[in-house]
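Below is one structure, written out as structure tokens; the observations come after it.
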Number of protein chains: 2
Amino acid sequence: MITLIAPGIWKLTLGTPEALTPSGLADTTPEHVHLAALPLVDACPLQPAAITATSTPRGFQVRLPLQSTEQLYGLGLQLLSFNQTGLKKTLRVNSDPIADLGDSHAPVPFYVSTAGYGILVDTTRYATFYCGSANPVAAAGGHDPCGGLPPDAPVLDTDTLYAARKAAAYREVVVEVPGAAGVSLFIFAGPSLLEAVQRYNLFSGGGVVPPRWALGVWYRGRSDFTQEQTLAFAQQFRDERMPCDVFGLEPGWQTQTYSCSHVWSSRFPDPAALVADLRERHFRVNLWTHVFTHPTSPIFQDLLPHSGPYTTFGGLVPDFLQPEAREIFTNHYKKTTVDIGVSGFKLDECDGSDFIKSPWSFPEFGVFPSGADGEQMHSLFGTLQQRMMRQLYERNGKRTFGLVRNAHAFAAPLPFVLYSDLYDHGQFVRGVCTAGFSGLLWTPEIRHAGSGMELVRRLQSAIASPMFLVNAWYIKNPPWKQWETKANNADQLLPDWPEWQTKCRAVFDLRMQLVPYLHAAFHRYATEGIPPFRALVMDYPDCPDAHRLDDQIMIGDRLMAAPIIGTALTRTLWLPPGMWVDFWTGVRHEGNRHLDLPQVHENLPLFVKDGSVLPLARPSLHTEAAESFELDVRVYGNGALPITLLEEASPDAPFAADHVNLLTLSWDISRLVVAPVRYRADLSRGYTVAHERKI
Amino acid sequence: MITLIAPGIWKLTLGTPEALTPSGLADTTPEHVHLAALPLVDACPLQPAAITATSTPRGFQVRLPLQSTEQLYGLGLQLLSFNQTGLKKTLRVNSDPIADLGDSHAPVPFYVSTAGYGILVDTTRYATFYCGSANPVAAAGGHDPCGGLPPDAPVLDTDTLYAARKAAAYREVVVEVPGAAGVSLFIFAGPSLLEAVQRYNLFSGGGVVPPRWALGVWYRGRSDFTQEQTLAFAQQFRDERMPCDVFGLEPGWQTQTYSCSHVWSSRFPDPAALVADLRERHFRVNLWTHVFTHPTSPIFQDLLPHSGPYTTFGGLVPDFLQPEAREIFTNHYKKTTVDIGVSGFKLDECDGSDFIKSPWSFPEFGVFPSGADGEQMHSLFGTLQQRMMRQLYERNGKRTFGLVRNAHAFAAPLPFVLYSDLYDHGQFVRGVCTAGFSGLLWTPEIRHAGSGMELVRRLQSAIASPMFLVNAWYIKNPPWKQWETKANNADQLLPDWPEWQTKCRAVFDLRMQLVPYLHAAFHRYATEGIPPFRALVMDYPDCPDAHRLDDQIMIGDRLMAAPIIGTALTRTLWLPPGMWVDFWTGVRHEGNRHLDLPQVHENLPLFVKDGSVLPLARPSLHTEAAESFELDVRVYGNGALPITLLEEASPDAPFAADHVNLLTLSWDISRLVVAPVRYRADLSRGYTVAHERKI
């Protein structure tokens, strides 16, 4: 049965789906008005008759057509591969994936095609996606002339041997949903790949708009800092003129962790005073936590009847499908953290792991009081926590923004960014690219580095991501003073640390300059569903050069970053069609070709689409500073691409798309025109143009 | 329902098992006579009432008790972990596992415990084993005082964070069989861990006895060698006095591979002559192949109706559950290979892979003509091929021995050794240890090395394994002449290669000296089920020092090898209880303690159990040489441990335990006594004692 459920979105139900589904749980309203603004599509992009389903002892099997020219992307956060065409992925929730099997912090049963559509398989099961990797005998009439190597041509390396198979790839997608007797598909029309993603995000409720402060610099201090040390450390940022908006406390704020008591440790004798002290210095406070609840926690007994049958780290696993569990948990956190001004949380360990030495987290088979089993709960665990926390803040008339280790379908509206303990620089940049296909945000956080230059390069990569975060939970001093852990903790600072601090400050400053631009890009995430950070194939699906490009990032629609991985001294990058201008030198390059940077300068390789009006804030120590609202506006070329900035009444009140100012900066032949698109009187602070420059 | 089905072996059927099971397919007869020789056990080692089962939408769940002191081993070939206690493993068939999730060339749903029993879960499904890793809330009455870190004690490394969980580990094994509504368990009593393994192997039909030549040196030449080059290369071994018994041809012998034509290439104008020429030089020939059948193969059309619905490498996947497929395949191979004297095969790629860049092999969901789906076929694929090939030889009145990339349950009688493309030295040694728990054989084959010393160390490791194999499929010259691939293929030999050849020859010689001892150890594998190569915990389950020891190997019951991994210059090893004598120096060491080798000499660290009568053959170029039957007998200490050697009528006729000579060498106070235990007149060649030495 196929039904048109929103403009360009169809629901196809096959067999008898399970009761517990991602769509059934989604608590957000599809953005129908914004969906209606997308191009009209009359027909379902895949013929429903071409989609077949079978029930087997293994579960439920769905087969979808795939043209030989199509390229597939998505399936959530995938750190180990980008283009999914020809691959097989099983969407198990798992931290720290080291094999490219689909295991992920945030697997999402959603893929998009360069043919201009997206498919969501509405299941909480660990479904397997064969993305054109299964080749029926029948398809070649029993013969497959492409198969095999040339006759009599043995080869001496395994890559060539296995590559032979590729030529024989037949085109169909098969999805297996274990243990199910049916499933619904949501089919999102384009007509382009990006528009299919937009429909998915708008159907999810539209993308989140972070509060302005969340776009600044985040820093997490060492786990065992006391209240006094925390305050002194934060003050040091101000004294040394290093920008920072959010300061994060790690496990040490609790009396007991792994599992957690959820109670302030004696290290923090007056948490309310600390939060107030930091707030006065223009810092927000973010708290690490996880939900596994230790027997010494005051909420343990109350949670017990609303928890799963198995422990994790010796603690209860609350069943957040039950309202009671959510109430118990959020009531406690409200009183002890939210009410004193904590701005949000880092929801750790909600993914579980089978990969590391001690596999941990609850088993897939255990049945929770709500009826969900462990597999279903794993798929939903991060999502349920994110929604619970968002609701806690909304009920208190506040906005939050934080970090999380697990997400799933319909995640676009959730005010959380994914992160990982894995620390491969290339994978971290790829994660920004893959997350964007499935309504996810991802931060390639910085912890340490093998050298000063690597530290700078890692920081630069984080500019092209939703969250600019230094996570120094195990080092005493900032990494730019000493990147080697032991020496750092022994206060053996680098002799030339001030130089490295200066280099790092330059990267921080660039992020601060981009805040107005990023905020505007997120506004389009909310209203148009366009991911603020995304792979180039999303904007240029018809360019084969973009099909496997996983180390360059579109920031909004007029900046393109090509981070340097590691400490390379050269960089080859691909410029999309059109003219592109080097952000640093102003040199123009014809696009649709590869560009060699024979000697990479110290800055992040960053290119501006010619014609852009690009507003940059003046560097500031935090997003509340006056400079953060003073714009240097660059006008590139003919200035034909105006920009609409977002102004909010308060960065702490819940976001309401209709209660914001919108300000358009456009270039009218010879002058900059600043015009409100929409203006509301309750605006606390607005942008002013301090300077304009024609490039 | 529980039934005693053989001495000390119970079958417990829970729910309604699937029709296709490993036990249902096993074509060997349990060795009831030998089973009866094991200690009498009256009661099932696990209380049947303590084993519970549940049917869920996810499949079938079985829960078994586990005591807190028990250590669990097995689950087939596991390269990434040894002791499975506290771990979670999903037994997916997969080549090249890089994450410790249970994926394996040869996963086997069988585990053994130090408490002295073994459990086989009789399924072809990718079952998940929670080996004490799931911790019920109920078990601690809702409280788990062990969980968590000490209060107020944050830590700064993730290892410590995650280790906290371990203390909280509750003890039960949970097995989930996806898609099933029931399963049978086979419960093997001990009373010891080794005896449980023995029962499992004897129930499988008893361990294989390789023909004598299979215990010598194997060498596989470069893939594109011609007939002429092959013969010349083999002759070079004889000319340079390097021992070798089996020469292997790689893919280049076929006209088409990946997928395969199964037809001799024009590189080999007269295969029969080549095999005869090599046989005259005392070489056996082993052929690489895989079963995926290319459209140009003469058997393609015949196989088509008896193949699965999906191709692999563009070729057919024969359904070897169908007798027709087996007949077509073996008839072709009989005519073209077996009848001209080929001694066996290397059955490649029967595991499939999802890990590498191009995932390949048939999908889990496709249904074969026999009714098996892809998941079931993957679990059985290697086993079916091994049985088919063994039967082909047996029908021709011949014995075979070869290599294979996949195995499963009840594998002990099959004349094949597992191998891998992975090439981590430590993992390769661990593989010898883990394979032994589940009736598997494994070779840590040698391909190349980073240095001459690493090459020597890798060769030494292979001594302590069922197959001593140099797999030089991509290099033109032997690795001891040049270990760097490019230089090797450019004939740029090392200036000092003769020295390295001498060092390698010394390792080859040791292997040749051990042939009578190894042959005898394999005889005990057949008649007593004792794995010839095994982890020390199998002999010393009560020694905690042995519980995680995965880099030392018992060879038979009186040699213990401690291979050097890589090029280390020191080695710490554990000596089991009793007195142990250094094989090289004759120095005696008190056991049940750790021993430091502060400066490792060039030889494999090898220790002899004091009291042993140890026969060594004289080094020879092949196992048919007269020297190979001339024994130097060492008598250690009081000589209280006699040995029984095996003599066969022909190394090429099918093995029959009742048609061999058995010869016991014992020490009678002051003299060696050589006495036949059993003597048959048709013996072609027997051992003679050339020399005896008291140590």
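The values are calculated or read from the model by the stated rules, or taken from the named source; none is laboratory data. This structure is a prediction, so every number in the text was calculated from the model and none was measured. Here Cβ is always computed from backbone atoms with ideal geometry, including for glycine, and neighbour counts include all displayed protein chains.
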Quiz item: Is it the case that region B:182-194 has a residue that's more than 14 Å from chain A (Cβ to nearest Cβ) and part of a helix (DSSP H, G or I)?
Solution: yes
Quiz item: Tally time: how many residues in region B:263-298 are among the β-branched types (Val, Ile, Thr), assigned to a strand (DSSP E or B) and closer than 17 Å to B:Gln235 by Cα?
Solution: 1
Exercise. Return the total of residues in region A:209-246 being within 14 Å of chain B (Cβ to nearest Cβ) and touching a strand residue (DSSP E or B) at 6+ places or on another chain (Cβ under 6 Å).
Key: 1
Quiz prompt | When residues of region A:280-298 are limited to those that are β-branched (Val, Ile, Thr) and more than 22 Å from A:Gly371 (Cα to Cα), the one nearest to the other protein chains (Cβ to nearest Cβ) | solution = A:Thr296
Quiz item: Do any residues in region B:647-665 that are under 17 Å from B:Pro413 (Cα atoms) have Cβ atoms under 6 Å from those of residues that are assigned to a loop (DSSP other than H, G, I, E, B) and among the aliphatic types (A, V, I, L, M), where the two are at least six apart or on different chains, and which pairs are they?
Solution: B:Phe655/B:Val209
Exercise. Return a yes/no flag: does region A:625-632 have any residue that is of a type outside the set (Asp, Glu), surrounded by fewer than 20 Cβ atoms within 10 Å (Cβ to Cβ) and within 24 Å of the chain's Cα centre (by Cα).
Key: no
Practice problem: Please specify each residue of region B:369-403 satisfying the condition of being of a type outside the set (Gly, Ala, Ser), outside any strand (DSSP E or B), within 16 Å of B:Ser307 (Cβ to Cβ) and within 11 Å of chain A (Cβ to nearest Cβ). | Solution: B:Gln376
Exercise. For region A:106-116, state whether one or more residues are within 13 Å of chain B (Cβ to nearest Cβ), within 19 Å of A:Pro178 (Cβ to Cβ), in contact (Cβ under 8 Å) with a residue 24 or more places away in the chain and touching a strand residue (DSSP E or B) at 6+ places or on another chain (Cβ under 9 Å).
Key: no
Exercise. Would you mind finding the one in B:Ala520, B:Ala462, B:Ala472, B:Ala490 that is under 15 Å from the mean Cα position of the chain (by Cα) and either more than 24 Å from B:Gly382 (Cα to Cα) or at pLDDT 95 or above (or both)?
Key: B:Ala462
Quiz item: In region B:634-688, how many residues are in a loop (DSSP other than H, G, I, E, B) and within 23 Å of B:Arg558 (Cα to Cα)?
Solution: 10
Quiz item: What are the residues in region B:262-279 that are at the interface with chain A (Cβ under 8 Å from one of its Cβ atoms) and β-branched (Val, Ile, Thr), if any?
Solution: none
Quiz item: Going through region A:637-695 one residue at a time, which ones are among the aromatic types (Phe, Trp, Tyr) and either under 29 Å from the mean Cα position of the chain (by Cα) or crowded, with 16+ Cβ neighbours inside 10 Å (or both)?
Solution: A:Phe655, A:Trp667, A:Tyr687
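Could you list, in sequence order, the residues of region A:89-120 that are in a strand (DSSP E or B) and within 22 Å of B:Glu375 (Cα to Cα)?
A:Lys89, A:Thr90, A:Val93, A:Pro109
Is there a residue in region B:23-45 that is among the acidic types (Asp, Glu) and touching a residue at least 12 places away in the same chain (Cβ under 8 Å)?
yes
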Quiz item: Quick one: is B:Lys11 in contact with a Pro (Cβ under 6 Å, 6 or more places away or on another chain) and among the charged types (D, E, K, R)?
Solution: no
Practice problem: Evaluate region A:523-532: report whether one residue or more is in contact with a strand residue (DSSP E or B) (Cβ under 8 Å, 6 or more places away or on another chain) and either in the same structural domain as A:Gln71 (by TED's automatic domain parsing) or in a loop (DSSP other than H, G, I, E, B) (or both). | Solution: yes
Practice problem: State which residue is farthest from B:His601 (Cα to Cα) when the search covers only region B:473-511 and only residues that are of a type in the set (A, V, I, L, M) and crowded, with 17+ Cβ neighbours inside 10 Å. | Solution: B:Ile475
Self-check item: Of all residues in region B:312-342 being among the small types (Gly, Ala, Ser) and farther than 24 Å from B:Thr21 by Cα, the one that is surrounded by the fewest Cβ atoms within 10 Å (Cβ to Cβ)
Solution: B:Gly341
Self-check item: Residue identified as at pLDDT below 95 and either part of a loop (DSSP other than H, G, I, E, B) or under 30 Å from A:His32 (Cα atoms) (or both) among A:Thr567, A:Thr623
Solution: A:Thr567
Quiz item: Can you tell me how many residues in region B:40-62 are farther than 15 Å from B:Pro7 by Cα and part of a loop (DSSP other than H, G, I, E, B)?
Solution: 5
Self-check item: Qualifying residue in region A:642-659 (condition: closer than 20 Å to A:Ala464 by Cβ, acidic (Asp, Glu), at pLDDT below 95 and not assigned by TED's automatic domain parsing to the domain that holds A:Arg395)
Solution: no
Quiz item: If you check B:Lys334 against the conditions, is it assigned to a helix (DSSP H, G or I), more than 8 Å from every other protein chain (Cβ to nearest Cβ) and either in contact (Cβ under 8 Å) with a residue 24 or more places away in the chain or not hydrophobic (A, V, I, L, M, F, W, C) (or both)?
Solution: yes
Quiz item: What number of residues in region B:299-315 are part of a helix (DSSP H, G or I) and either more than 7 Å from chain A (Cβ to nearest Cβ) or touching an Asp or Glu at 6+ places or on another chain (Cβ under 8 Å) (or both)?
Solution: 6
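Among the candidates A:Phe362, A:Phe355, single out the residue that is within 12 Å of chain B (Cβ to nearest Cβ), among the aromatic types (Phe, Trp, Tyr) and more than 19 Å from A:His408 (Cα to Cα).
Of A:Phe362, A:Phe355, the one residue that is within 12 Å of chain B (Cβ to nearest Cβ), among the aromatic types (Phe, Trp, Tyr) and more than 19 Å from A:His408 (Cα to Cα) is A:Phe355.
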Self-check item: Hey, B:Pro30 more than 12 Å from every other protein chain (Cβ to nearest Cβ) and either in a loop (DSSP other than H, G, I, E, B) or in contact with a helix residue (DSSP H, G or I) (Cβ under 8 Å, 6 or more places away or on another chain) (or both) or not
Solution: yes
Quiz item: Mind checking whether some residue in region A:344-353 is touching a helix residue (DSSP H, G or I) at 6+ places or on another chain (Cβ under 7 Å) and under 29 Å from A:Thr623 (Cα atoms)?
Solution: yes
